[in-house]
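Q: The structure that follows is given in the form of structure tokens.
Where a number appears in this text, it was derived from the coordinates with a stated rule and is not lab data. All values reported here derive from a predicted model rather than from experimental measurement. No Cβ is skipped: glycine too gets one built from the backbone with ideal geometry, and neighbour counts run over all protein chains shown.
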Ligand code: ADP
Ligand code: MG
Ligand code: MG
């Protein structure tokens, strides 16, 4: 299958199993949402998919356009077209936005002649932010906007976003939902993680998965979001 395929993935952190046999697909041209309560393993799942060294995959398979990703280092996964917008993006004092993006583009083998300033404007950041240090002094919402800008700049095959809505105002939410639609219209796969039903209703995903205690416990559409909003997450016994 085209896009991201995750099969029976198990992930441990410091010897504790956090993701406990997760299977799903994030096809191209589709917005897939993973909803889950705090501590359910959402960030662990995305960081493990990206290849973060702290997260040990103890079982399962991950394919991007049919190619195995688990044997690859994080930068190799990025070169294959996987991108993660972090829940808490790190500040990079002294690294300017434009040089960060240019350098990363070079490493990804992309042309460096990309319209940084218009992308910044498109996510609601002033053009002058190209000259600022990455995330330094950015407000919470501005950090989220810059993460979305990166997704637009790199045009990855699979865009994973970890709670891109936290700190975003209502205009920011509208921007996020428009930009995610643009990405899927261009044939990208979008995998959005959030625990906020309002955001998800805004984004109007094609598919919704509920992650509880490291397992996918329900799958549906907006009906599932509404059910979770009124009844809470399904309770699973350990
Ligand atoms: P979510 O993103 O759904 O809120 P996380 O994936 O951040 O959940 O965390 C899931 C569980 O794994 C939590 O119990 C958390 O304490 C634990 N965990 C995650 N990352 C680490 C880590 N680096 N060290 C220790 N425990 C971790
Ligand atoms: Mg959390
Ligand atoms: Mg998280």
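Q: Which whole-number percentage describes the relative contact order of the chain, with Cα contacts under 8 Å and a sequence gap of 6 or more? Mind dumping the intermediate values first?
A: Numbers: 493 pairs, mean separation 64.3, N = 238.
With pairs under 8 Å counted, the relative contact order is 27 percent.
Q: Related question: As a footprinting exposure proxy, order 207, 16, 186 by other Cβ within 10 Å, with the fewest listed first.
A: Working: 207 18, 16 8, 186 11.
Fewest-to-most ranking of 207, 16, 186: 16, 186, 207.
Q: Follow-up. GNM on the chain, C-alpha springs below 10 Å: top fluctuator among 213, 99, 194?
A: Of the options given, 99 has the highest mean-square fluctuation.
Q: Run the helix sum for the chain: -39,500 (n - 2.57) per DSSP H stretch of 4+ residues, divided by residue count, reported at 222 nm to the nearest 500 deg cm²/dmol.
A: Working: 8 runs with 82 residues, N = 238.
The helix contribution divided over the chain gives -10000 deg cm²/dmol.
Q: Could you give the length gained by full extension between residue 127 and residue 230, i.e. 0.36 nm per residue of separation minus their alpha carbon distance, to one decimal place?
A: Details: separation 103, 0.36 × 103 = 37.08 nm, distance 4.15 nm.
Residue separation times 0.36 nm, minus the Cα-Cα distance, leaves 32.9 nm.
Q: In nm, give the distance between the simple-model label positions of residue 118 and residue 103, each being 7 Å from the Cα along the Cα-to-Cβ direction.
A: Going by the 7 Å Cα→Cβ label model, 2.7 nm.
Q: Which percent of Cα pairs goes in each bin when the distances of the chain are cut into 10 angstrom slices starting at zero?
A: Per 10 Å bin, starting at zero, the Cα-Cα P(r) for the chain comes out as 8, 33, 37, 19, 3, 0 percent.
Q: Next question, about the same structure. Compare 151, 210, 185 in a GNM of the chain, Cα atoms joined below 10 Å, and give the one with the largest fluctuation.
A: Of 151, 210, 185, the most mobile in the Gaussian network model is 185.
Q: Between the alpha-carbon centers of the stretch 104-140 and the stretch 16-33, tell me the distance in whole angstrom.
A: With the stretch 104-140 and the stretch 16-33 each reduced to a Cα centre, they are spaced 29 Å.
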